[in-house]
Amino acid sequence: MRNLKLLRCLRSPELRSPGCPRCFSVRTDTGTLLIVSQFSLTEYDPQSGEVVNEVSLTAEGYLSEDGSGVVAGIQDLPDQEAVCVATAKGDVIVYHLNTNELECVGSVDSGLTAMSWSPDQELVTLSTGQETVILMTKDFEPLSEVAIHQDEFGEGEFITVGWGKKETQFHGSEGKLAAQRKAAEVQPAVPWDDRRPRITWRGDGQLFAISAICPHTGCRKVRVWNRECILQATSEVVNGLEQPLCWKPSGSLMASTQRHPNKHSVVFMEKNGLLHGDFTLPFTKDQVKVKELLWNSDSTVLAIWLEDLTPGEDGNPNTYLQLWTVGNSHWYLKQSLHFGCEPSRAPACVCWDPEKPLRLHVLTQGWASFTYDWGWFTERSLGDDAWDNANVAVIDGAKVLVTTFRQCVVPPPMCAYELQLPAAVNQVTFRAQPQRTNELAVLTADGRLHIYGPGGLTNCKCPLLPVLLTSFVNLNMDQQGVLLMRLLLWLREDVFAAVGCGDGPTESRILILAPAERQGSERQLEIRSEVKVEGHVISMCSSPRSGTLAVQLEDGQIRRVFWDTLKVAVTDWKDSMGCSVNFPLPCVHTALCAINGQVTTMPVAFSFHLTVASNVSSFVMYDEFLLLTTHAHTCRCLHLATMSVKDVQAALSSESAQNDESARRVERGSRIVTVVPQDTRLVLQMPRGNIETIHHRALVLAQLRKWLDDLKFREAFESMRKLRINLNLVYDHSPRVFLENVEWFLKQIDSVNHINLFLTELKEEDTTKTMYPLPVGKACQPASEAGGGVRKKVDLVCDALRSAMETLDPQKYCLCILTSHVRKTTPELEIALQKVHELRVNPPSAEHAVGAGEALKYLLFLVNVNELYEHSLGTYDFDLVLMVAEKSQKDPKEYLPFLNMLKTLELNYQRYTIDKHLKRFRKALHHLSKCGEEHFTELVNLVKDQRLYSEALQLYPSDSQQHKVLTVAYAEYLLEQQQAEEAGLLLWRCGEMPRALQAFVSCTSWRHALAVATHIPVTQGQLAQLARDLAEKLLEMRRATEAALLLEQYAKDCEEAISALVTGAAWEEALRLIYLYSRQDIIETHLKPALLEAHSMQVAFLESQMALFTRYKSRLAVVLEQKEKTKLLLIDEDGPDCGEAELYSEASSVLTGSRFGSKYSHSNSRISSRSSKNRRKAEGKKHSLKEGSPFEDIALLHALIQIIHVTDKMREEIHSLLRALVLFLFDVRASSLQAKYSELLQLIETSIPEIWHEGLQPGPAPITGPNSTTNSITASLQQPRPPLVSQQDAEILMPPKMRQSIRWELSILK
């Protein structure tokens, strides 16, 4: 759906050269034109208008001096820096451009009629006057010469297997009469045929075709030859076939023209000579003749050069040049150039540029040169409001095909409606004023501007009602040439902007057209003001909102045009820093947009001085969005209001993340046609021409947010349903606004099914943070501001909607109210069932109200039938239970006996039975407690089975017998759970003293035990024996001080008490009792020997700990060094591209276990799946200190930490021992012990930083999440990290802390 728009027209002044140009060629390396006339060969530069080289062809006798010489062809030879010219006399001339030498490389006596070089310029084909074809190399060495007219078909002759007769074969729509029809009589060529051969090569240079007059029939035939000049195929007889012949560069078809009895067509022919498609020229049967057909280099445009057969009033025929394109198997006339009937303005030569596909060179009979640069454009309306119909206009000859994509999406060549014009259309533009963007203006080839707007035809069903307003463009077209007004824009009411050619070859004029002050019989437009610009303007764009007009020059410079003044002014476009804006390269498509609030121009690939993207195939600006397609087959949608230019560049870079809402995959070669304003539709055209509509996620979400901000809930809801957007966004977008407008939401939706759908999709997830995050720079309303506080979102919305529905119309929204109960976090099924029961008891009187049956059926749809049945049973309403059961698929035999049994029971026991059946044991206990003494035993059994002791105790008074029984049962349960102290308290409380004493003794709660024993009471001997038994247990538990207290105060045995303190190393307390009871003899018999023994044991223990610590530390260093070497070795073996190298470098322990200890690790896996005992056993093996074990480094770290903790806890014990040794004059021993312990502490403190270095400590977690980038994630993953360990082993990576504040040394020993 694209049109050809003229970007640049280079008009060169007329040359002062004798004769008329016959043919010309474009020199690709310099861009100059090599023109040959009947007198000379000229190299002309159209950019500067100067003649570079000129050589006479008459001086050497190659052409006649009287001007009657004929040139058969010309070809630029860039490899040889020469140009080859063939004359009708038979001379082949080469002109060397670097030496200005003219050389005749060969001559044919019979003369030459045509010359054509292969695309690779390795071969040249010549047709002679004797109707032969000569194939030569580029060095003009003959390869072959054969006759053009041959009797055989060629090597590609069709094979007939001889099955059946012609009369019995299928003839399509023509029927069986086609078999009896006689062959049409062969007609000779048309009289105005120049009877010269035409030679054309296929784009790959493997085949060439020759169209020549057959000497026997007088008609034209096309023959196809291969590169060795061997005939391949001969065309079928085509009556009316004319002289033009041009092979499509892509190689599929050859184009020619054919004159039918009732039309004139361009026909296409395959390489086998058979016709394959055609299209009709917009002329009558004998109106024009086609002089030439020319394909451009990329096979997208076919140029047709035509001339009237009938001369005009002045005796000269009109000349036309038409540009045709094809799309969806339909041929469009995109541009029509009318050169008039003046002989000097008629084209003498036409050709496409060999390098730039859309550049056309025209040379007139008067030696005027025109260079036209075209570009592909989609003419779309520019509105951003709902008034715009998303119009797209397609030029097709004298028709404009308009499609309004807001109302319909139809594939071309179909359209919403056609605008028929009196002449061929060259330009179309839509009005740029808001709310008037559906109006369009059409410029035809005869210089008329046709304006279409709303109104007029009242019976027309089209959304755009055309009314014609014709105006004349008051330009001196005769002096300026053809199509010199380009880039037409409709700025506002009757004001247009266009670009025209300047006086010089490098000048342009910006024209502002307005209605003429004096109007004649027809309205006219005239140039209200104009301004000259140095350089060629290749694009012009305007902003419908601001009215800003910008132009781009061919060197990439951007100019701002101030057109809304008496005199047009042009200034440089400045950015916010005051610097001029220039594109690095000229861009065909430009548009004005606001990036982060700053207006700028946005071409396809550049913005400001920065290359934003280089793989863009199409783009369109809509509101605050830039939508584009890329050659990577993605469609991007960027929100420019919240982005800077560098943000846009980062978003479009190939390294950026492509998985967000701004990117969408599309079909290969897709191009943007238009965007439907205030909608979510984006229209794309596929390469084959069909149209597809997509809803880009970023566009959809932006439109949904607008609708929700405007409280247009119905539009947003319908779009979300259709496009599968999570309905939670309705609330999550703005919770406070939604809750304030719940009634408005219900009134707009006005559909019970839709409200139920909304309720059933509710979930606690905030979709604005997970599924549909807001664009960067936009703030969202926190959920806490919605008034919910700590309440859950689902409960909040359900309650708000239910409250509003009950206020508006509870009968209408009955099902929705039920849904709001069921969908809560804790479903309120009982309440929902109760409402259904109320409907059954009191049926609604309204006509369309929901009945109990329908409501219950709906509940069964929402909730599992068994769950609903159980909840109905839990209401203790048997009518409701039966109603649910009847609607379910349950067999009555399943529930009727049970219900009948329940009805026979007493009320409380009935409810107990129901609750027990539903496993609601707490409620069952409550009801059973009301059933009397006869059911107390059953209650005790229920409490014991379900362990409901605390709940049961609250149901009876503390002085009741039931309370005592339950307390004893609770105590027995606690004894089973090894909670004897709590059990003893319960037994003591309820008066079970002996059992309480046993409980306290079993848990060594000696204070409670002695108190209970005194309370019983017991004899003094029994109390002493109890104290001795408790002391013995306390000594086993290393609680010597408490044991000594029992022996001293209750057993009255001071010697045993002192012995217990000495055994427990409580030196100070032992001395106190010794002197309290005057037993100094014990110092020599017990205390001093114990001190010496304790000293020896501590010294030996410290030495062993120091040796172990040193050994483990050294071994750990060796293990870590070996693992580092292994890691580097694996990386070298796998290479830098190994995907697992980084994984191995981050996990030394896992590496060893997986690569060198796979058998061990697999065995652990099997063991770990069996039982918890085996898992603990495997965990113990994991921390094995055996050398070479897979987790030896982890085990060594565990062992070192254990040594450090044990040593640090010895501070108080060492301090007490040192004071006792000093007291009894064991200073030497005390000094040695203090020195040994200090040495060990110093070793540990210096080793901790060496062991737990930075590489071993846990580093930061890999950076991930919505705010991270690819580079940040990669950098975080590449940071060195410690060995991967389990969660329970994570503490070993942190260095242990020492208790430096504990003072243990004695200064007297230093």
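The values are calculated or read from the model by the stated rules, or taken from the named source; none is laboratory data. Quantities reported herein were computed from a predicted structural model and do not represent experimental measurements. Neighbour counts are summed over all protein chains in view; Cβ atoms, including those assigned to glycine, are modelled from backbone coordinates with ideal geometry. Calculation scope for accessible area: heavy atoms of the full protein, side chains included, ligands and nucleic acids excluded. Shrake-Rupley method; radii C 1.70, N 1.55, O 1.52, S 1.80 Å.
Quick rundown of the values:
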read-out	value
Extreme residue, modelled with the highest pLDDT, among residues of region 32-49 that are more than 18 Å from Gly19 (Cα to Cα) and not polar (S, T, N, Q)	Asp45
Segments classed as strands (runs of 3 or more DSSP E), wholly inside region 69-147, with at least 2 members that are open to solvent by less than 20 Å² (accessible area, probe 1.4 Å)	71-77, 82-87, 91-96, 112-117, 123-128, 132-137
Test: residue in region 1033-1055 that is assigned to a helix (DSSP H, G or I) and among the basic types (Lys, Arg)	yes
Selected residue (criterion: farthest from the chain's Cα centre (by Cα)) from residues of region 1059-1117 that are of a type in the set (Ser, Thr, Tyr) and surrounded by 17 or more Cβ atoms within 10 Å (Cβ to Cβ)	Ser1059
Residue check, Pro343 free of Cβ contacts under 8 Å to residues at least 40 places away in the same chain and surrounded by fewer than 21 Cβ atoms within 10 Å (Cβ to Cβ)	yes
Set Val965, Val1012: member being touching a helix residue (DSSP H, G or I) at 6+ places or on another chain (Cβ under 7 Å), surrounded by fewer than 19 Cβ atoms within 10 Å (Cβ to Cβ) and in a helix (DSSP H, G or I)	Val965
Criterion: at pLDDT below 75 and surrounded by 15 or more Cβ atoms within 10 Å (Cβ to Cβ) - qualifying residue of Val675, Val604, Val666	Val604
All helices (runs of 4 or more DSSP H) inside region 793-847 with 2 or more residues being more than 21 Å from Leu880 (Cα to Cα) and within 37 Å of the chain's Cα centre (by Cα)	793-808
Close pairs from region 703-724: first on the phi > 0 side of the Ramachandran plot, partner buried (at least 19 other Cβ atoms within 10 Å of the Cβ) and modelled with pLDDT of 90 or more, Cβ under 9 Å, at least 6 apart	Leu711/Phe745
Region 793-802, subset open to solvent by 10 Å² or more (accessible area, probe 1.4 Å) and in contact (Cβ under 8 Å) with a residue 40 or more places away in the chain, residue farthest from Lys747 (Cα to Cα)	Lys793
Cβ pairs under 7 Å, 6+ apart, first in region 212-232 and more than 16 Å from Met269 (Cα to Cα), second in a loop (DSSP other than H, G, I, E, B) and open to solvent by less than 10 Å² (accessible area, probe 1.4 Å)	Arg227/Gly205
Condition met for Leu882 (assigned to a helix (DSSP H, G or I) and open to solvent by less than 10 Å² (accessible area, probe 1.4 Å))	no
Subset of region 19-56 (residues that are open to solvent by 40 Å² or more (accessible area, probe 1.4 Å), among the hydrophobic types (A, V, I, L, M, F, W, C) and assigned to a strand (DSSP E or B))	Val51, Val52
Strands (runs of 3 or more DSSP E) contained entirely in region 250-368, each with at least 3 residues that are closer than 30 Å to Gln685 by Cα	254-259, 264-269, 275-280, 288-295, 302-308, 319-327, 330-340
Residue selected from region 673-696 under the condition of a type in the set (A, V, I, L, M, F, W, C) and assigned to a loop (DSSP other than H, G, I, E, B), by the criterion farthest from His330 (Cα to Cα)	Val676
Residues of region 369-386 satisfying the condition of being buried (at least 23 other Cβ atoms within 10 Å of the Cβ), under 22 Å from Arg2 (Cα atoms) and either among the polar types (S, T, N, Q) or at pLDDT below 90 (or both)	Ser381, Leu382, Gly383
Pair list, Cβ under 7 Å, 6 or more apart: region 648-671 residue within 19 Å of Leu701 (Cβ to Cβ) and assigned to a loop (DSSP other than H, G, I, E, B), other residue open to solvent by 80 Å² or more (accessible area, probe 1.4 Å) and at pLDDT 90 or above	none
Count of region 736-777 residues which are basic (Lys, Arg) and closer than 23 Å to Ala651 by Cα	1
Any chance Val186 is open to solvent by less than 10 Å² (accessible area, probe 1.4 Å) and not in a strand (DSSP E or B)	no
In region 220-241, residue nearest to the chain's Cα centre (by Cα) [restricted to those that are within 16 Å of Asp151 (Cβ to Cβ), in a loop (DSSP other than H, G, I, E, B) and at pLDDT 90 or above]	Ser235
Only listed residue being modelled with pLDDT of 85 or more, within 28 Å of Gln435 (Cβ to Cβ) and either open to solvent by 30 Å² or more (accessible area, probe 1.4 Å) or basic (Lys, Arg) (or both), chosen from Arg560, Arg545	Arg560
Qualifying residues in region 696-745 (those that are of a type in the set (Lys, Arg) and in contact with an Asp or Glu (Cβ under 7 Å, 6 or more places away or on another chain)) - the one modelled with the lowest pLDDT	Arg697
Residues that are at pLDDT 80 or above and out of contact with any Leu (no Cβ under 7 Å at 6 or more places or on another chain), drawn from region 507-525	Glu507, Ser508, Arg509, Ile510, Leu511, Ile512
Failed criterion for Ala783 (all others in (1) modelled with pLDDT under 85; (2) more than 25 Å from Met901 (Cβ to Cβ); (3) out of contact with any helix residue (DSSP H, G or I) (no Cβ under 7 Å at 6 or more places or on another chain) hold)	(3)
Within region 387-400, tally of residues that are closer than 20 Å to Glu624 by Cα and open to solvent by 10 Å² or more (accessible area, probe 1.4 Å)	2
Which listed residue is out of contact with any helix residue (DSSP H, G or I) (no Cβ under 6 Å at 6 or more places or on another chain) and surrounded by 21 or more Cβ atoms within 10 Å (Cβ to Cβ), from Arg16, Arg8	Arg8
Yes/no for Leu899 being of a type in the set (A, V, I, L, M, F, W, C) and at pLDDT 85 or above	yes
